[in-house]
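Just below is one structure, and these are the notes that go with it.
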Amino acid sequence: MEKIKNYFMRNKVTIMIIPNAEKSIKQWKFNIAIAFIILVGLILVNVTLLINTISSNYVSQSLTSENSQLSTDLLMTQDKIALLENINSNKTEEITTLKASLQNSNDFLVARLAEMEQTQTYVTQLVDLFNKETNSDVKAPISRSFNRELETNQAQSAELSADDILLSDINALITNDDISIIIAEQTQAYNDLVNSMASQLSYLDARPDFYPTKGTYSSPFGYRKDPITGKTTLHNGIDISNKVGTPIYAAGTGIVTFAGYDGNFGNVLIIDHGYGYESVYAHCKTLLYSPGDEIAKGEQVATIGQSGRTTGPHLHFEIRYNGTPINPLKILNQ
């Protein structure tokens, strides 16, 4: 060990700079130990720079991959929104078609019943005329239901009287199974249409598309600069500014699931509309309903205030679909 130490201390490294012929040669002598330390230092610096370069490239690739995934997710979300808008448009067209079909079915049913009642009148008049002409006492039917047992007995009889034959003809005339089947089918179709239409009307009534209050549209849905912190954050709804006490209305029919104070939202009311929709009304002054109450579309549910974390009186309004906030302006009728 002492020999190595002496070797490093005795031996020196000379660095020479040889300029052009007009200048003298410059040289510096360093102890070999110092030169070794400098060399090791340079190696460490290069290794550190290499590691930093590799790390930066890895982070850059990770961020690029994450950005690509986010772009893909955004496109998928936009496609889903477009699909929902297309479904809503198709539902509106279906309801219009159902209304027309319902009216046509109703007209058809009324016309068939009128025809059967007219036939019943003609048969009754014919039976009365027959009774006068033959001095008989044939009973005219009192409804569209006739005695099938009599018809069966007549078929089993070997010989029929003239009165029985005429009665059989009258029964055959006024008993029309085809019309009965049509009436039954149309009645069922009518009921199905009524139920289907009621379901569609229920959906439209529950859909939170009624504008919730009057005022100035002051803040959009999406990323924005927070008015309090100054940081860019996601705004899950829209803001509508107006004076304190301005009425707030339910965007759709539903049931109140929450009504009370909730931190930054202040006084807030949440309505479940079914079909995956919820609406949120925040920063209220007064809440007019409690959890479990049923609310009709357009009914006043609260008043504008500035409770919670806010810079002034306004309504923070959200629409959530299957738990995810969506842009209310895509739903509301403005």
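Laboratory data are not the source of any read-out in this text; all were calculated from the coordinates shown. Keep in mind that what you see is a predicted model, and the values were worked out from it rather than measured. When we count neighbours, we look across all protein chains shown, and the Cβ atoms used for this are built from the backbone with ideal geometry, even at glycine.
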Q) Before we move on, is N46 exposed (fewer than 11 other Cβ atoms within 10 Å of the Cβ) and in a helix (DSSP H, G or I)? A) yes
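Go through the stretch 302-313 residue by residue and tally those that are touching a Phe, Trp or Tyr at 6+ places or on another chain (Cβ under 6 Å) and either in a loop (DSSP other than H, G, I, E, B) or surrounded by fewer than 16 Cβ atoms within 10 Å (Cβ to Cβ) (or both).
As a first pass, look at the stretch 302-313 and keep what is touching a Phe, Trp or Tyr at 6+ places or on another chain (Cβ under 6 Å): 302, 308.
Retained after the next criterion (residues that are either in a loop (DSSP other than H, G, I, E, B) or surrounded by fewer than 16 Cβ atoms within 10 Å (Cβ to Cβ) (or both)): 308.
Count: 1.
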Q. What number of residues within the stretch 280-301 are outside any loop (DSSP other than H, G, I, E, B) and either under 15 Å from L204 (Cα atoms) or among the acidic types (D, E) (or both)?
A. 2
Q. Is at least one residue of the stretch 265-280 charged (D, E, K, R), buried (at least 19 other Cβ atoms within 10 Å of the Cβ) and in contact with a Pro (Cβ under 6 Å, 6 or more places away or on another chain)?
A. no
Q: Answer yes if at least one residue in the stretch 282-292 is within 19 Å of Y211 (Cβ to Cβ), crowded, with 22+ Cβ neighbours inside 10 Å and either hydrophobic (A, V, I, L, M, F, W, C) or without any contact (Cβ under 8 Å) to a residue 12 or more places away in the chain (or both), and no otherwise.
A: yes
Q) Can you tell me which residue in the stretch 241-278 is farthest from L315 (Cα to Cα), limited to those that are aliphatic (A, V, I, L, M) and not in a loop (DSSP other than H, G, I, E, B)? A) I255
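Can you pull out every residue in the stretch 210-232 that is among the charged types (D, E, K, R), assigned to a loop (DSSP other than H, G, I, E, B) and free of Cβ contacts under 8 Å to residues at least 12 places away in the same chain?
The initial filter retains those residues of the stretch 210-232 that are among the charged types (D, E, K, R), namely 214, 224-226, 231.
Subset that is assigned to a loop (DSSP other than H, G, I, E, B): 214, 226, 231.
The answer is D226, K231.
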